[in-house]
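The structure appears below as structure tokens.
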Amino acid sequence: MVSAYAIAKKYIFWTIFSIALLTAVFSFVGLMSRVKARLAAFPDMLNEEIIAYRFLLGCFGDELGVIELDRFTNKTLEQCYRTKSSKDYNFALELVNSGKMIVGKNFYWKEDRKLNFPVIVKNGSDERVDELIIYIRRPI
Amino acid sequence: MLEDVIDLIVFIAFVALLYFLIHTLAVSPLEREAMIIEDGLNELRYDYILSVYLKTKVGNETMLELMIKAKENNAAWKQWKNATKPFLKYFKDTYLVLDNRTFLWKGDFHEGFFKIITDIFNWVELFRERPLEGALVTKKFVFDGKEHYVGLFVSGLKIEMPESGIPVIVA
């Protein structure tokens, strides 16, 4: 006949074992979902910077890094990068020396990040170096 | 009872070890991937900056033509310095090299006493087969029938970049 002590000992062991096992299972599931999430999602930095480069590669001019001042308008920005809502990446662009700023339709509040690039601004036959600030608003 | 406790401890230790192993195998490559992305973006960024910089016009010449002249001509060097000042903020902590001449050292003009010291190192560099090895961005230009190489080195990259191989022909 099994003693009461042996039965109690068995219950205690299996209780602790079950707790340890459950903790291990949940930890693995948590770890795996974190890994999966990180694998599936591109980092913000990559997404926004790749999109931002389109403004330097022929959006407002025909050459790399060249902006034609008369094409630097909100309309061109919208044609070049269309957004549906603030759930997309949104951008505002500023030409520092030329004192011109254009803002995307769904760019609200303050930027999350800004990128500074040198650009060549063409205004008719006049050509000069300017600084383009790209303000980035991440999806809200 | 003691045996059961030991079994439990061994089990918990095994689970912890397994967790650590999976974490190392699954998460570390992701972190490395993030570093590669960051460095890739740096390369893209500096490639763009260098391209715009070199084709910027100074009078009737491009910055590249001015740099080629500035290698041996003091007046051209001064002119190049003035034209480069607005770009210095983009070249922070970088080394700009044309052929075997260093133009920017850690984002500042490479001249004076400091240049004499580093010229010794450059002189040693001449004996190396690939003086621009390790540059983040390398560009090859053909100007007046001569080949010129521009290299941009960036300090503080998180991982060592692979060799760029054959430089890109831009002009």
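Since every read-out is calculated from the coordinates, none of them should be taken as a lab result. Computed from a predicted structure; not experimentally measured. Methodologically, a virtual Cβ is constructed for each residue, glycine included, from the backbone with ideal geometry; neighbour enumeration extends over all protein chains shown.
Note on B:Arg101/A:Met32: beta-carbon distance plugged into 1/(1 + (r/R0)^6) with R0 of 51 Å gives a FRET efficiency of 0.40. Measuring spread by the Cα atoms of segment A:1-41 yields a radius of gyration and Dmax of 17.8, 60 Å.
The smallest convex shape that holds all Cα atoms of the protein assembly as shown, its convex hull, gives 217 Å³ per residue. Label point of B:Leu41 set 7 angstrom out along Cα-Cβ; within segment A:100-120, amide nitrogens under 12 Å from it belong to A:113-116. Taking only the Cα atoms of segment A:44-137, the ratio Rg/Rh comes out at 0.94, with Rh defined as the Kirkwood radius.
Label point of A:Glu127 set 7 angstrom out along Cα-Cβ; within segment B:56-98, amide nitrogens under 15 Å from it belong to B:56-66.
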